[in-house]
Amino acid sequence: MPSSVVAASMPHIAEGGSARASTSGVATNSPRNSIQRGQGRRGAAPPVPLIRVPRPGERRCARHACRMGRFLLPFRASGTQRWAVSAVKCLPVVGLMASMVLASCGSVPRLPDLSRIYGNAARIQGPERRPLLVMPGTMGSRLVDLASGVSVWGGPDGLSPDPRVARNLALLALPLAPEGEEARHLRDSIVPDSVLRAATARVLGVPVEIEVYGGIANMLRLGGWVADDDPNPGSEPVNSYPFAYDWRRDLVDSVSAFDRFVLLHEEENAPPHSLDLMAHSMGTLIARYYLMYGTQDLPEDGSLPELTWAGAQHFSKVVLIAPPNAGSMAALDNLVNGKTLGPLQPFYPAALVGTHFSTYALMPRNRHHRVLWSDTHQPVEDLYDPALWERLGWGLASPDAEEIIADLLPDEPDPEVRRRRALAFLAEALGRAKQFQAALDRPIDALPPGLDIHMVVGGGYTTPAGARVDRETGELTVDTFEEGDGLVLRASSLLDERQGKPYTYGLDTPLKFTSVLFLPEEHVALTQSAVLGDNLLFWLIEGQRTRDSLRPGPLAPGPRIPLLSAAAPGTAPDGRDDTDR
């Protein structure tokens, strides 16, 4: 999910955090980790003995401090520090003194050594190890133009072609449908190529490599999961499969592509719950919809699909990392004001972002009252009303969008027709997003038998939470910040229904999950955390299952979304739908 820097690759840099190593255990020097230490009066003599607190990184232990029953007690005298030896014999305080010394001698905790913890498990490649499917977030898949071979996103020469050039703008955008047709069924020549292990950004012409999903792939390998895109697979069997998808498209369309991916990697006649799944960011929404509804499309009448849990029959353990279950203010801001990718990076105008169906599904919910009018401080009534967007001049409805729309529709000379086509796309995208969100927000009584869902929530960063709208100019300004991972609020991940209401004791959410893990990490850095890796591998390898979760149950298969015909625009020469690639 985009914020100010590539949401699936660089948001930690965008939010002012520092780059970090994924599994090396190198701590960040983020300002949020800074601690102000007070200083005593110069020359004042503190009581003796004074146990000195170790400096960061300093290691002292009892075997260094103990010599023939004596303890070295550091203390301060005459303004200088010196060591003295105090004999501790049979005194009533011996236990207390020993505890104080041992506490002062402890080292700063290290990050878990995943290779040592899970090394034995990694060598076991029997039937008890389920294949793992991995689904990235938005912008986490490399996109390629089949017609030209150009990397549209995540290429080796930069994040994307320059969007200021008209032909590049057309590559990055989804097509606007002719009047009377639905845009989500159209196909262009852009196809997903692979999940981004790393991305390359150019700063003043200098390429800078940024880790994206390479860190979590490396941690999974320490637990015995080797990805089919691993650059150095060795002789180990492949048992992890990253799912690349076109993150611009309607999310239900991606659900259909994911179903084909599941069937491709599930053994024929496999028993229920024979796979595991890990998803990040926007990928968690695709995963949740698939678990609940299988491949059902959203009904044409605006109602909700039937809750069948058809997709859940394939999976045993599902891990959802940084899920934007209640949306993100960054998505609305990008649709209205455009998206920047950080200092010295390209700017993606709002009209371009507005052609991406998926971004609308990431908007905040109306009922949470995250967007207020600047004059009355009352909630904006319906963020998903196309008339509101047209009246305020937002996104594709902005007068400033005309030049971009003309670049996207070079064969349409009439500006009025171009505007009608853009507004029709906007209305379709807003309607689909609102219906998709309602399907995910449906309250459920319990998870189906055989399915465990573990959720990981980031925190410790000020995160965009609310905005004000000028009723006259339509200007939207993000002005409220709350706890989150820099992109997704903690309350959004939990789908906390107390948002916009007076506080009540106890979490109010329609979600059901087996466990939730909170980590003080940024949105993408979560996937690079060794602590996350430890928990992830424990859930997949050693986590205990309850008797109820092991009991199989019948699940009715949902209807499948029909594939497009081979004659549809954008299908591959061999007749297969390009979303499979």
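Below, the figures for the structure above:
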read-out: Any helices (runs of 4 or more DSSP H) falling wholly within segment 385-444 and containing at least 3 residues that are crowded, with 17+ Cβ neighbours inside 10 Å, charged (D, E, K, R) and under 30 Å from the mean Cα position of the chain (by Cα); value: 415-440
read-out: Number of the condition not met by Asp485 [criteria: (1) open to solvent by 20 Å² or more (accessible area, probe 1.4 Å); (2) among the charged types (D, E, K, R); (3) in contact (Cβ under 8 Å) with a residue 24 or more places away in the chain]; value: (1)
read-out: Unmet requirement for Glu521, which otherwise passes all of (1) surrounded by fewer than 24 Cβ atoms within 10 Å (Cβ to Cβ); (2) in contact (Cβ under 8 Å) with a residue 40 or more places away in the chain; (3) among the charged types (D, E, K, R); value: (1)
read-out: Index of the failed condition, Thr480 passing every other in (1) under 17 Å from Asn366 (Cβ atoms); (2) open to solvent by less than 30 Å² (accessible area, probe 1.4 Å); (3) within 22 Å of the chain's Cα centre (by Cα); value: (2)
read-out: Selection status of Ala465, open to solvent by 50 Å² or more (accessible area, probe 1.4 Å) and of a type in the set (Gly, Ala, Ser); value: no
read-out: For Gly459: the one exception among (1) touching a Pro at 6+ places or on another chain (Cβ under 7 Å); (2) under 26 Å from Ala350 (Cβ atoms); (3) open to solvent by less than 40 Å² (accessible area, probe 1.4 Å); value: (2)
read-out: Hits in segment 289-331 - residues which are over 30 Å from Thr462 (Cβ atoms), among the aliphatic types (A, V, I, L, M) and touching a Ser or Thr at 6+ places or on another chain (Cβ under 9 Å); value: Met292, Ala310
read-out: Members of segment 335-350 that are assigned to a loop (DSSP other than H, G, I, E, B) and among the β-branched types (Val, Ile, Thr); value: none
read-out: Some residue of segment 135-142 being among the charged types (D, E, K, R) and modelled with pLDDT under 95; value: no
read-out: Criterion (assigned to a loop (DSSP other than H, G, I, E, B), of a type in the set (A, V, I, L, M), touching a residue at least 60 places away in the same chain (Cβ under 8 Å) and open to solvent by less than 30 Å² (accessible area, probe 1.4 Å)) met by exactly one of Leu298, Leu332, Leu277, Leu307; value: Leu298
read-out: Test for Pro233: is it over 17 Å from the mean Cα position of the chain (by Cα) and assigned to a loop (DSSP other than H, G, I, E, B); value: yes
read-out: Flag if Glu482 is farther than 18 Å from Asp333 by Cα and acidic (Asp, Glu); value: no
read-out: Residue satisfying condition, being touching a strand residue (DSSP E or B) at 6+ places or on another chain (Cβ under 8 Å), surrounded by fewer than 20 Cβ atoms within 10 Å (Cβ to Cβ) and more than 21 Å from Gln435 (Cα to Cα), within set Ala227, Ala198, Ala166; value: Ala198
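The values are calculated or read from the model by the stated rules, or taken from the named source; none is laboratory data. Being a predicted model, the structure only gives us computed values, none of them experimental. Glycine gets a Cβ as well: all are built from the backbone with ideal geometry, and neighbour counts include every protein chain shown. What goes into the accessible areas is simple: the full protein's heavy atoms, side chains included, and nothing from ligands, DNA or RNA. Shrake-Rupley method; radii C 1.70, N 1.55, O 1.52, S 1.80 Å.
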